[in-house]
Structure formats: structure tokens, C-alpha cells
Amino acid sequence: MKKMMKLAVLALVGVLAAGNAIAATTDVNVTATVSEACIATTTQDITIGAIDPTTATGTIDSTSVGSTQGQINVVCTAGTAVNFSPAASVALTGALNGGTLNVVPILPAGPATPGIAGANYAVNASVAQSEYTAVSADTYNGFFTVTVAP
């Protein structure tokens, strides 16, 4: 019985000692870096309709009748302002004769802030009268690269 009593007292002392333990805490710092980034995707190519150089006058662009404006979609990190830049002039190549027709890209004025939800922007191209009256009949193709940069 004395042995049982000693065990009970020791158990009680152990419980009391555990209840008086001191807790220790520490802070852990957390760092996260969100990068400034953008993605640009062509959603509509540009088509400049048929040009009749015997009746057309002035500059023709992709907003003219029978033409299709181009469109790009831009998605960027929230708050990122971007500017658009292409080559100053782009040489399209004739499918049959290999001739060259120069067009001028027309891009949105910047800066723009598309945000993470993204935004669509019209892109166009124009052909000067001095260009379309100096080339032979053909279908001219090519592309220009639009750079979207903060």
C-alpha cells in the first residue's frame, strides 16, 4: 500500500510539474516576390482588303472597307504599365512574284495597364499610295513583331 501511495504521489508531482512548463515562441519571417511580367497573344490577324491602284487614293489601312483590324490580348502583373513597339516599316513579300510591299504598323498609344484580367488592343497596318501604285498585282504576306514592355 505504501508503494501504491508513493506511485500516486509521484504521478501527481509529474502532472503538476508538466502543468508548470514554460512555452517558448519564435517568429518566422516570410518573403514572397511577385515578378513584373506580361504575356501577349495575337487574337486576330490583319487583312488589308483588295486595293485597286487605278481608283484608290491616299493611304489605305486595315480599318478601310473590306479590311480586318488586328487584335492582341495582353495580360500583365497587376499595376504593370506597358508600351507597344514594332518595326518602323515591314516588308511584305509577294506570293507569285516575290516583290515587296512596305506597310507601316499602327499600334496603341501607351502606356497601357492591362492588368491580370487582360485587355484587348487593336493593331493595324497602313500602305502608302506610293507603295501600292509601284508594285505588280499579287497577294503580299508577312508579319511584324509587337513588343509589349514595361
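Quick rundown of the values:
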{"read-out": "Flag for ASN97 being outside any loop (DSSP other than H, G, I, E, B) and of a type in the set (S, T, N, Q)", "value": "no"}
{"read-out": "Among residues of the range 65-84, those that are in a loop (DSSP other than H, G, I, E, B), in contact (Cβ under 8 Å) with a residue 60 or more places away in the chain and surrounded by 17 or more Cβ atoms within 10 Å (Cβ to Cβ), counted", "value": "1"}
{"read-out": "Residue in the range 93-102 that is closer than 25 Å to VAL65 by Cβ, modelled with pLDDT under 95, of a type in the set (Gly, Ala, Ser) and exposed (fewer than 14 other Cβ atoms within 10 Å of the Cβ) present", "value": "no"}
{"read-out": "Options VAL135, VAL104: the member that is in a strand (DSSP E or B) and either touching a residue at least 60 places away in the same chain (Cβ under 8 Å) or not polar (S, T, N, Q) (or both)", "value": "VAL104"}
{"read-out": "Given (1) surrounded by 10 or more Cβ atoms within 10 Å (Cβ to Cβ); (2) in a loop (DSSP other than H, G, I, E, B); (3) at pLDDT 90 or above; (4) among the hydrophobic types (A, V, I, L, M, F, W, C), number of the condition ALA87 does not satisfy", "value": "(3)"}
{"read-out": "Residue within the range 60-69 that is within 30 Å of THR33 (Cβ to Cβ) and under 28 Å from the mean Cα position of the chain (by Cα) present", "value": "no"}
{"read-out": "Residue identified as of a type in the set (Asp, Glu), under 30 Å from SER136 (Cβ atoms) and at pLDDT 95 or above among ASP45, ASP27", "value": "ASP45"}
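The values are calculated or read from the model by the stated rules, or taken from the named source; none is laboratory data. These numbers were taken from a predicted model, which means no experiment stands behind them. For neighbour counting, all protein chains shown are included, and Cβ atoms are generated from backbone atoms with ideal geometry for every residue, glycine included.
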